[in-house]
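The values are calculated or read from the model by the stated rules, or taken from the named source; none is laboratory data. Just so we're clear, the structure is a prediction, and the values are computed from it rather than from any experiment. Ideal geometry is used to build each Cβ from the backbone, glycine not excepted, and the neighbour counts take in all protein chains shown.
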Amino acid sequence: MITKRIIPCLDVKDGRVVKGVNFASLSDVNDPVELGRYYSLCGADELVFYDITASSEGRRLFTDVLKRVASTIFIPLTVGGGINTLDDFERVLTSGADKVSVNSGAIRNPQLIGDAARRYGDQCVVLSVDAKRVDGSYHVFAKGGREDTGMDALDWIRRGVSMGAGEIVLNSIDTDGVKRGFDLEMLDAVCSIVDVPVIASGGAGCMRDFVTLFRTLPKVDAGLAASIFHFGEVRIGDLKDELARNGINVRRIKDKDA
Amino acid sequence: MIAIIDYGVGNLFSLKSSLGMIGAQAVVTGDADVIRRADRLILPGVGAFGDARKKLAQTGLDAALCREAERGKPVMGICLGMQMLFEKSLEYGEHEGLGLIPGEVVPMAGRLPAGLKIPHIGWNALNIKRPDHPLMKYTDSGDCVYFVHSFFADHCAESVIATAEYGIDVTAAVARGNVLGCQFHPEKSGTVGLGILKAFCEL
């Protein structure tokens, strides 16, 4: 049976990995290629690279980094950030990405989801949604979680899937950076309306949070986190052991020191 | 030298890099002459069967590939490339495959127990049916590989060398003489996948 996936997320700016807490105050963490290789050897099931650069020079640097990562790391790579057009899809896919995550670009132009799904297949298009509770419902936020679009997150996700998004990354702004667990309530709401894989993001603080996630919500396919992995608070090998001890099906790697 | 057959479908960056990683010389090519001179062939593929099959026919590389397979050259299809090795596919209509392995490609929809998502996407464990097969030289049952697909090869029991359990036994790897196939992506399956590519290079 398919295993639950553990996915470290690397935010990349000017060729370096950074991570924001609640999307603010970035701090430099590590080299993307080194960090990616380390995670791959530890048993990460997939890597997500977010390009948080705005300049074209930064974008070129990111594409170079991606090529270097994809030449040395042989697990699925998802790329997001600054994906606004089919040309952006093409640029990252030919640099070694397997899946492309759209967020603000799809909010501005929802047709991008369908166009990309038709050209590259549903499995290639990941809809990443930053959502936050506003007046008793979940709103979609754009621009890295800074701008309330007023759109209902569940409606948006339903629409994205119907247009061809093959996977959903749900990042709860309410729990992001707080490290007290994933947003189970919001995730449950999303899992009950879509049949595509759902990746939980935002709020993991310890191994127990992943156990709770997969036990409480068996429909969630993957858990994504950044700083707890980057700062070594949770080691992926240990996390896989802990999940397996709790009866959750995970991929174990043959030799950790490979 | 390994020729990765380029017929305008899919992303070949990782495949070429992964072969480089295990020390194999690989070229991405759409040139029938290079295909003839190569020691081994890999037929990759993503997307829809009908579309990919048509492109392969338009380039004339299907004939070149079949000719080399008949001469005994090791050929490996990956994902949709594996599916095209079979006689036919029922993906959105009925399409003729290359006919190098008996069997047909059928949708998962309607054949899986309720509650399982389609596509079958993610890491799943291999159940090796033919542990003596040289392609599985570095691989054990229980090793996980990365799948992304909604259709699978059926009616091909005599060629199956490994399956994966997803409510049903999904054909994961096949072999018929020098013609081989993986439904999963060895180039995206970490060290296990590299082991399978290495085994292919040593056939």
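The condition of being over 16 Å from the mean Cα position of the chain (by Cα) and within 17 Å of residue B:4 (Cβ to Cβ) holds for residue B:36.
A Cβ distance below 8 Å, combined with a sequence gap of six or more or placement on separate chains, defines the contacts here; from the stretch A:152-175, residues that are without any contact (Cβ under 8 Å) to a residue 40 or more places away in the chain reach residues that are buried (at least 22 other Cβ atoms within 10 Å of the Cβ) and in a helix (DSSP H, G or I) in the pairs A:153/A:186; A:153/A:190; A:154/A:190; A:157/A:190. Quick check on the stretch B:108-122. Is at least one of its residues among the hydrophobic types (A, V, I, L, M, F, W, C), modelled with pLDDT of 95 or more and in contact with a helix residue (DSSP H, G or I) (Cβ under 9 Å, 6 or more places away or on another chain)? Taking every residue of the stretch B:108-122 in turn, none turns out to be among the hydrophobic types (A, V, I, L, M, F, W, C), modelled with pLDDT of 95 or more and in contact with a helix residue (DSSP H, G or I) (Cβ under 9 Å, 6 or more places away or on another chain). State yes or no: is residue A:107 away from every other protein chain (no Cβ under 11 Å) and outside any helix (DSSP H, G or I)? Against the criterion (away from every other protein chain (no Cβ under 11 Å) and outside any helix (DSSP H, G or I)), residue A:107 does not qualify.
Note on the stretch B:21-31: residues that are closer than 24 Å to residue A:91 by Cβ and either free of Cβ contacts under 8 Å to residues at least 40 places away in the same chain or buried (at least 21 other Cβ atoms within 10 Å of the Cβ) (or both) amount to 5. Among the residues of the stretch B:7-20, how many are modelled with pLDDT under 95 and either β-branched (Val, Ile, Thr) or surrounded by fewer than 17 Cβ atoms within 10 Å (Cβ to Cβ) (or both)? So the answer is 2.
Look at the stretch B:91-108 and say how many of its residues are surrounded by fewer than 17 Cβ atoms within 10 Å (Cβ to Cβ) and within 17 Å of residue B:178 (Cβ to Cβ). Final tally of qualifying residues: 2.
Restricted to strands (runs of 3 or more DSSP E) entirely inside the stretch B:108-203, those with at least 3 residues that are more than 11 Å from chain A (Cβ to nearest Cβ) are B:120-128, B:151-154, B:160-166, B:168-176, B:179-182.
The numbered conditions (1) modelled with pLDDT under 95; (2) in a strand (DSSP E or B) are all true for residue A:234 except (2). Being part of a helix (DSSP H, G or I) and of a type in the set (Phe, Trp, Tyr) is the filter here, so list the residues in the stretch A:45-78 that pass it. Residue satisfying the conditions is A:62 alone. Scanning for something part of a loop (DSSP other than H, G, I, E, B) and either acidic (Asp, Glu) or modelled with pLDDT of 85 or more (or both), does the stretch A:29-36 turn up at least one residue? Yes: the stretch A:29-36 contains one or more residues that are part of a loop (DSSP other than H, G, I, E, B) and either acidic (Asp, Glu) or modelled with pLDDT of 85 or more (or both). With respect to the conditions (1) away from chain B (no Cβ under 14 Å); (2) crowded, with 23+ Cβ neighbours inside 10 Å, residue A:84 falls short on a single one, namely (2).
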